[in-house]
Amino acid sequence: MTFIQSAAELGNQFRDDRVLRAQLERSLPVAVREAITPELDELGAHAAAAWHRERERSAREPHLTQWDSQGRRVDRLELTPAWHEARDIAARFGLVAAGHEDTYAEHGRIDQFARVYLHHVASAFFTCPLAMTDGAATCLKAAANPELCTRTLPRYLSRDPARFWISGQWMTETPGGSDVGDSETAARQDSTGQWRLYGRKWFTSAVQADTALALARVDGAGTGADALTLFYLEPRDADGAWRDLVINRLKPKLGTRELPSAETELLGVAATPVAGLGHGVRAIAPMLNVTRSWNAVCAIATMRRAIALARDYAHKRRAFGRRLIEHPLHQTTLASMQADFEGAFQLTFHVIVLLGRVQHGKADTTEATLLRLLTPLAKLWTGKLAVSICSEAIECLGGAGYIEDSGLPQLLRDAQVLPIWEGTTNVLSLDVLRVLRNPAALAAWRSSIDALLDAVASSLQPAVATLRADVEARCARLAMLATEPQRLEAAAREVALCLARDFAAALLLRQADWSLRHGDGTRAAAARRFIARCATAPATYDLADDALLAADE
């Protein structure tokens, strides 16, 4: 028993990621790309180093001590070393700030989310409170509350770790998460006029955050979601003690275990209305495009990591006389994973581009409408896909992938939250139907696909023709379903996933066309395989494409 199998390893995750680098080369001005590359390279190196370090030490989780030795309630929260490190990195690399600074104008969101994409897996899900902080900054800006903006934005958007604040979202209660209409948290003014919140928040992610946004119902405000008010609060005082709240427990979750999610009891914690009284759900709306974009970026980052490990292992592991990468069936498996990932990547970063353009006033009406449609589409599809790709990656390593210290089981557990946070697949599918009630939404989807395909070179025309036929079939199916509301709702998930994949296919062809003109044929292989898999007609695969995609060389 002398044989020792070499484990899957990671190199610099920026240098090794041809898909990311091609995206940045195509979509960013040269000066912007050259300015941000050194820090992206540094994050790529850190991602590999953190992976190897974390794999060699036992899993750690936050710990809650509710009582001290003298019986005083303290609710002391001890975080993991990775979380302390992640907070420092988030500030120094501007993982929130980069999306709000004017340095690169509408390209700032691309810069920001390239950083997030590279850092997510290494962050131990510190990206969760970062997403909420970005969302809070966006929400407070939209509310135009000068007092709160003056107090929070210099902190939320700071690159100084000593000044940097993060925010939580305290929305979920026992009666509901996505449906907050029955929320029971009450808001009352004390004798000084200070608003105070009373109630139980069943799930508060990143309970250690410096600030939080919470929904509550002002006494006498009536029932339903529209009667809720959005409040801002700071849960701890200057000494770190909790202000009129207790932590009942930390949640024992399937994954994201380093992220301290808690069940809290609000016992009169001081709070400030964000945008007047009532219409709290409406006040939250500006953050949805942001937090759902974060979810999608974290999903594609997870996919990329799983595929990188499966690919590296396939080059090292020998079975039945050959390396795994040399077996046609294994090539096909990796090629399918890579093609799906590239489609998800293109859709997600197109949403990021639109987000930046809308934020900086550069978008036209069609682009703004398209952002509203593509954001839930990208979130729901990438969340589901991350889970399936992580599961497939474990299978690619066989029994070795099932072993905890391979790192893949944790990747799969953590991925499972991505279809749940910021709206489950069904909730977001229904949101897509609401968007489609505006005829301009489907028109923007269709015209944008047509414009993308019209610009593709002749060498990719067979794939273009297949996709055009698919789009025609999707639109006909949607028109038929629209006449029967119950059937349309029942088919909402099918509709949403098809709209997402077809738009991703058009974006893949755009990238393939650009890459072919710059000497890279692998992106064209990804486009052809993705379209063959998604087409309504029977699929036929090119084995040469599969070999190219599997190796990604």
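Points to keep in mind about this one:
- Close contacts from region 27-45, counting a first residue that is without any contact (Cβ under 8 Å) to a residue 40 or more places away in the chain and closer than 25 Å to Arg510 by Cβ and a second that is in a helix (DSSP H, G or I) and of a type outside the set (Asp, Glu), with Cβ to Cβ under 8 Å and a gap of 6+ residues or different chains, come to Arg33/Leu24.
- Near pairs, Cβ below 8 angstrom, 6+ apart or cross-chain, from region 452-478 (open to solvent by less than 20 Å² (accessible area, probe 1.4 Å)) to any residue that is hydroxyl-bearing (Ser, Thr, Tyr): Asp470/Thr536
- So Ala285, is it in a loop (DSSP other than H, G, I, E, B), open to solvent by 40 Å² or more (accessible area, probe 1.4 Å) and more than 20 Å from Gln66 (Cβ to Cβ): no
- Arg257 being more than 21 Å from Ala227 (Cβ to Cβ), surrounded by fewer than 24 Cβ atoms within 10 Å (Cβ to Cβ), touching a residue at least 60 places away in the same chain (Cβ under 8 Å) and of a type outside the set (Asp, Glu): yes
- The set of residues in region 479-496 being in contact (Cβ under 8 Å) with a residue 24 or more places away in the chain and either of a type in the set (A, V, I, L, M, F, W, C) or loosely packed, with under 12 Cβ neighbours inside 10 Å (or both) consists of Leu488, Ala492, Val495, Ala496.
- Selection status of Thr80, among the polar types (S, T, N, Q) and modelled with pLDDT of 95 or more: no
- Among the numbered conditions (1) more than 24 Å from His330 (Cα to Cα); (2) at pLDDT 95 or above, the only one that Ala527 does not meet is (1).
- Taking (1) of a type in the set (D, E, K, R); (2) closer than 27 Å to Arg115 by Cβ; (3) open to solvent by 60 Å² or more (accessible area, probe 1.4 Å); (4) part of a helix (DSSP H, G or I) in turn, Asp226 satisfies each apart from (2).
The values are calculated or read from the model by the stated rules, or taken from the named source; none is laboratory data. Everything numeric here is computed off the predicted structure, so don't read it as measured data. Note that each Cβ is placed from the backbone with ideal geometry, even for glycine, and that neighbours are counted across all protein chains shown. Side chains are part of the model used for accessible areas, which takes the heavy atoms of the whole protein and leaves out ligands, DNA and RNA. Shrake-Rupley method; radii C 1.70, N 1.55, O 1.52, S 1.80 Å.
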